[in-house]
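The values are calculated or read from the model by the stated rules, or taken from the named source; none is laboratory data. These figures come from a predicted structure and were not determined experimentally. Counting neighbours? That spans all protein chains shown, and the Cβs are built from the backbone with ideal geometry, glycine included. The accessibility values were calculated without ligands, DNA or RNA, using every heavy atom of the protein model including side chains. Shrake-Rupley method; radii C 1.70, N 1.55, O 1.52, S 1.80 Å.
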Amino acid sequence: MLDIRFIRENAERVQDSALQKGYKDVDIKKLLELNEARRELQQRVDELRTQRNNNAAKMKDGKPEQSLIDEGKQIKIALAEREDYLTNAEREYTDAMNVVPNIIFDDVPIGGEEDSVEIKTWGDKRDTAIDHLDFAVKRDWVDFEAGAKVAGAKFYYLKGDLALLENAIYQFALEFVVKNGFTFMTVPHMVSERIAYGSGFAPKSSTESNEYFIDNENLMLIGTAEAPLTGYHADEIIDEDRLPLLYAGYSPCYRKEAGTYGKFTRGLFRVHQFNKLEMYAFCLPEQSRDIHEKILKFEEQIWQTLGVPYHIINIASGDLGLPAAKKYDLEYWSPVDKKFRELTSCSNCTDFQARNLNIRVRRKDGKVEVLHTLNGTAVSLARSLVAIIENYQNEDGSLTIPEVLRPYMGGRERI
RNA sequence: GGAGAGGUGGCCGAGUUGGUUGAAGGCGCACGACUCGAAAUCGUGUAAGCGAGGAGACUCGCUUCGAGGGUUCGAAUCCCUCCCUCUCCGCCA
């Protein structure tokens, strides 16, 4: 969530950002009124609590007089009533706060998906290729039928060389992020509601969520390692000189992806479960813009090294989620679909997630403030396979292994 | 899953016949003194959130002793539920 003081001082900007992101129900004026009401009730409750405390203090040492006890009872009754009002006011207020999205940066394009701005392209585009699923099935590298039998549609098995290739990409990317200062972590694959909510997943009801929830357990299967990585430092105050903290988390990602069947989501491109290596940063507010660019550079380096053509787009406001202030996507060139398709993305969430989960920094002068968080995909494995099959396939049905992956494939050049 | 013990400030650790205990003491940290400098020593300070006042340094009120609920004039202290940690047993990768 945002800082209420920031909202108060920048009401118009926050309202504009919400609309530009497509959150039409957000009403900042109403929110500020709810906050005002809350504050007034808070003051009245505080007054009564002061009376209660003073009254109790008089009875501290000695036998309580009946008149004081009676007075205390009166206070107690009045207090209980006002505390009820306050509790309700607080609930209304926090409900309203929780739906206010992060503001967007000035350099975010306004509009919907089609308004995202290309800021860079790299590599030579290939003209044609066979669909990755047809290609892989022919080689017996992937089995969606068995996946459907065992777990349902959009579940799959990777087999043989393709499964080995997935592992090779993972090993390559892992080495890359560790070399660049990220601390590697494995993470819980489920998170509690609080962490899910705080990191920006799990909206109000589970029905409209992309996430899987565990019955009767207050747990959610993670859709990305971003969730447990964000929660890692929940409720902590981190000394300034420890920042930035860079982590890389590897995990399976579980997503419902309801209603996304179609030509462009065939095969491994959009599935219910895939593995992903995620970069994550906790940093000082003044560092987050630079680190965002740096994470983007890392993503580019990975795909340049793998030799897959791509472009970078600055995502338009309407496509940003609740927590992001700015987001870049790296989209690879698909010679099958003759267009760029999403491969990785990185977001600057500024203090939005951190405030939800109470993650702060202690400055050298002792001041405490909410820090910033960022996340970016190192490699999303299922999609990486699609990109590589499309861009490295040979006419004889074999697949050339990108050079940097060969050390992880027993030195083989093709499969 | 069963039995028992516990969860207090950045850390360790007092406080459990309810009443100046937001919380002793120690460590750590910051500043100062001493020193050519450092160590040691001594002194002072050292939680966060919300709200009110002030230009500001700050001052005041409220909340927080795992979380939530209850008893009471008053709860870190008593009761209930849940979560977590530790020990033993069971079960296993």
Subject >> Top-ranked residue in the range A:161-175 [being of a type in the set (D, E, K, R) and in contact (Cβ under 8 Å) with a residue 40 or more places away in the chain; ranked as nearest to A:Arg383 (Cα to Cα)] >> reply: A:Glu166
**OP:** Filter the range A:73-95 down to residues that are open to solvent by 70 Å² or more (accessible area, probe 1.4 Å) and free of Cβ contacts under 8 Å to residues at least 24 places away in the same chain and give me whichever is nearest to RNA strand B (Cβ to nearest atom).
**Re:** A:Lys73
Subject >> Residue count for the range A:101-143, restricted to those that are under 30 Å from A:Asp16 (Cα atoms) and among the small types (Gly, Ala, Ser) >> reply: 3
Original post:
So A:Phe184 clears everything in (1) touching a Ser or Thr at 6+ places or on another chain (Cβ under 9 Å); (2) in a strand (DSSP E or B) except one condition, right? Which one?
Top reply: (1)
Original post:
Inside the range A:339-379, can you point out the residues that are away from RNA strand B (no atom under 16 Å from the Cβ) and either of a type in the set (Val, Ile, Thr) or over 25 Å from A:Ser192 (Cα atoms) (or both)?
Top reply: A:Lys339, A:Phe340, A:Arg341, A:Glu342, A:Leu343, A:Thr344, A:Thr350, A:Thr373, A:Thr377, A:Val379
Original post:
Which of the residues spanning the range A:355-366 are over 19 Å from A:Ala227 (Cβ atoms) and open to solvent by less than 10 Å² (accessible area, probe 1.4 Å)?
Top reply: A:Val361
Original post:
Does any residue of the range A:109-118 turn out to be in a loop (DSSP other than H, G, I, E, B), in contact with a Gly (Cβ under 7 Å, 6 or more places away or on another chain), open to solvent by less than 70 Å² (accessible area, probe 1.4 Å) and more than 16 Å from RNA strand B (Cβ to nearest atom)?
Top reply: yes
Subject >> Hits in the range A:33-46 (condition: more than 7 Å from RNA strand B (Cβ to nearest atom) and either open to solvent by 40 Å² or more (accessible area, probe 1.4 Å) or over 30 Å from A:Asp106 (Cβ atoms) (or both)) >> reply: A:Glu33, A:Glu36, A:Ala37, A:Arg38, A:Glu40, A:Leu41, A:Arg44
Subject >> Boolean, A:Asp70 is within 12 Å of RNA strand B (Cβ to nearest atom), among the charged types (D, E, K, R) and open to solvent by less than 100 Å² (accessible area, probe 1.4 Å) >> reply: yes
Subject >> Filter result (in contact with a strand residue (DSSP E or B) (Cβ under 7 Å, 6 or more places away or on another chain) and surrounded by fewer than 19 Cβ atoms within 10 Å (Cβ to Cβ)) within the range A:320-354 >> reply: A:Glu342
Original post:
Wholly within the range A:345-415, which strands (runs of 3 or more DSSP E) include no fewer than the required count, namely at least 1 residues that are among the acidic types (Asp, Glu)?
Top reply: A:368-370
Subject >> Pick from the range A:171-199, criterion open to solvent by 30 Å² or more (accessible area, probe 1.4 Å) and of a type in the set (Phe, Trp, Tyr), ranking: farthest from A:Phe274 (Cα to Cα) >> reply: A:Tyr197
Original post:
Quick check, is A:Ile4 under 25 Å from A:Arg289 (Cβ atoms), in contact (Cβ under 8 Å) with a residue 60 or more places away in the chain and near RNA strand B (Cβ under 7 Å from one of its atoms)?
Top reply: yes
**OP:** Would you please list the contacts, defined by Cβ atoms under 7 Å and residues six or more apart or on different chains, that run from a residue in the range A:176-203 that is on the phi > 0 side of the Ramachandran plot to a residue that is crowded, with 18+ Cβ neighbours inside 10 Å?
**Re:** A:Gly181/A:Leu246; A:Gly200/A:Leu322; A:Gly200/A:Pro323; A:Gly200/A:Gln353; A:Ala202/A:Ala196; A:Ala202/A:Ser209; A:Ala202/A:Glu211; A:Ala202/A:Met220
**OP:** Considering every residue within the range A:14-27, establish whether at least one is closer than 30 Å to A:Ile110 by Cα, within 30 Å of the chain's Cα centre (by Cα), near RNA strand B (Cβ under 8 Å from one of its atoms) and modelled with pLDDT of 90 or more.
**Re:** no
Original post:
Regarding A:Asn98, is this residue within 15 Å of RNA strand B (Cβ to nearest atom) and either surrounded by 13 or more Cβ atoms within 10 Å (Cβ to Cβ) or over 27 Å from A:Ser317 (Cα atoms) (or both)?
Top reply: no
Original post:
Which of the residues spanning the range A:307-342 are closer than 25 Å to A:Gly231 by Cα and among the aliphatic types (A, V, I, L, M)?
Top reply: A:Leu320, A:Leu322, A:Ala324, A:Ala325
Original post:
A:Pro64: modelled with pLDDT of 90 or more, in a loop (DSSP other than H, G, I, E, B) and either of a type outside the set (Asp, Glu) or within 12 Å of RNA strand B (Cβ to nearest atom) (or both), yes or no?
Top reply: no
Original post:
Out of the range A:119-144, which residues are part of a helix (DSSP H, G or I) and either in contact with a strand residue (DSSP E or B) (Cβ under 9 Å, 6 or more places away or on another chain) or surrounded by 17 or more Cβ atoms within 10 Å (Cβ to Cβ) (or both)?
Top reply: A:His132, A:Leu133, A:Phe135, A:Ala136, A:Val137, A:Phe144
